[in-house]
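The values are calculated or read from the model by the stated rules, or taken from the named source; none is laboratory data. Just so it is clear, the model here is predicted, and its values are computed rather than measured. FYI the Cβ positions are ideal-geometry reconstructions off the backbone, even for glycines, and counts take in every protein chain you see.
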Amino acid sequence: MDLPSDGAMEPPLSQETFEDLWSLLPASNIQAGMLGSDPVLLPLSGVPQDFEYPLTAVQEEGVSSTFAPVPTSAVPSTEDYPGQHALKLEFPQNGTAKSVTCTYSPDLNKLFCQSAKTCPVMIHVQSVPPGGAVVRAVAVYKKSEHVAEVVRRCPHHERSEHGDDFAPRNHLIRVEGTSQAYYSEDANGRHSACVPYEVPQVGSECTVLLLNYMCNSSCMGGMNRRPIMTIITLESKEGLLLGRRSFEVRICACPGRDRRTEEENLEKKEQKTSVKRAPVMTPLSDSTLPKKEEEIFMFKVKGRERYEMLKRINDALESQDNLQKLAMKCKKCREDIKPKKGKRLLVKDEQDSE
């Protein structure tokens, strides 16, 4: 079979042929085919200038990135600020038994809990916050010499355990009971856990926040026995502060025992302080104090006979007082005559015998 030469063959899909075929296609087929492809390939000439693509929210750790921006203050404030919604925290009253895993002391404003145990925090507000409000929990050191440091887990507890990868390993605070917890780190490296504010359920007056502390206060390389505080803030979706509360936290093996010990130490300290602050009363001299025996009373007596009888009684009592004073004076004189320390008075007969 003879094939035509290359020069005689017209390319069926040359550039000119493709343009002709393209012009023959209906416009509806072109748009339908391109809408199913990557949006980046859409021609810009056919898209209005004010058009915005409906991008889905970026998910990070199970929570939308539309949360309030992370605070960037170097030293977060621990001062209570109820705000216009009257934010208030409440804790279950678990007592000081050895078996409790979490207990709160109102006198110390301190939470005692075990590591990786659930700590319920009840959040009360008088008015409902605006839509999109969030609750944030941040841990900071209590003392001024450590407040600039970031509270993080020790290297031992930082190692991931089974099922422990849903939150950053170095974060101390975890939130239980919700899949919408958002764990963030601000520009200063400070960690925080954030959840959307939920309206209390029907028949309830508060919203419960379940916190977990994933390291002990005594761990070396972590908190290293340095006291910490937890700051709970209520924020709007724009990041505005609506309320703030704080409390001290101690993560230990026996919360009930440690709470009882610290409350007893506080009571002893207050007793010592009250004794020191009590005004010292200077005793008055004997001359300024009126003696009951020397006070004189006068009363009226009806009838001469009663008067004579009472006078005789009074005279007898005064005579008795005079005799007692005389006896005390004689006794004192005899004691003054006795020699001091081992010396003995010589009797006249003993002098003559010598």
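Kindly indicate whether any position in region 225-233 is touching a helix residue (DSSP H, G or I) at 6+ places or on another chain (Cβ under 9 Å) and either under 23 Å from residue 142 (Cα atoms) or modelled with pLDDT of 95 or more (or both). For region 225-233, residues touching a helix residue (DSSP H, G or I) at 6+ places or on another chain (Cβ under 9 Å) and either under 23 Å from residue 142 (Cα atoms) or modelled with pLDDT of 95 or more (or both): absent. Scanning region 205-222 for residues that are in a loop (DSSP other than H, G, I, E, B), hydrophobic (A, V, I, L, M, F, W, C) and closer than 21 Å to residue 130 by Cβ turns up just one, 206. On the basis of being in contact (Cβ under 8 Å) with a residue 12 or more places away in the chain and either more than 12 Å from residue 260 (Cα to Cα) or acidic (Asp, Glu) (or both), does residue 112 make the cut? No: the conditions fail for residue 112.
For region 235-254: of the residues being of a type in the set (D, E, K, R) and within 15 Å of the chain's Cα centre (by Cα), which is farthest from residue 128 (Cα to Cα)? The selected residue is 250. Of all the numbered requirements in (1) out of contact with any His (no Cβ under 9 Å at 6 or more places or on another chain); (2) within 16 Å of residue 232 (Cα to Cα), residue 139 misses one, and that requirement is (1).
Looking only at residues of region 200-212 that are modelled with pLDDT of 95 or more and among the β-branched types (Val, Ile, Thr), we find that the one that is surrounded by the fewest Cβ atoms within 10 Å (Cβ to Cβ) is 208. Taken over region 187-199, the criterion of being modelled with pLDDT under 90 and surrounded by 13 or more Cβ atoms within 10 Å (Cβ to Cβ) is satisfied by 188 alone. Taking region 203-219 on its own, how many of its residues are within 14 Å of the chain's Cα centre (by Cα) and of a type in the set (A, V, I, L, M)? Looking only at that region, the number is 1. Is it true that some residue in region 188-204 is touching a Lys or Arg at 6+ places or on another chain (Cβ under 6 Å) and in a loop (DSSP other than H, G, I, E, B)? Checking region 188-204: not a single residue is touching a Lys or Arg at 6+ places or on another chain (Cβ under 6 Å) and in a loop (DSSP other than H, G, I, E, B). Residue 116 fulfils the conditions (1) buried (at least 16 other Cβ atoms within 10 Å of the Cβ); (2) aliphatic (A, V, I, L, M); (3) at pLDDT 95 or above except for a single criterion, (3). Residues that are surrounded by fewer than 19 Cβ atoms within 10 Å (Cβ to Cβ) and under 28 Å from residue 157 (Cα atoms) within region 213-255 comprise 218, 219, 220, 221, 224, 225, 226, 227, 248, 252, 253, 254, listed in sequence order.
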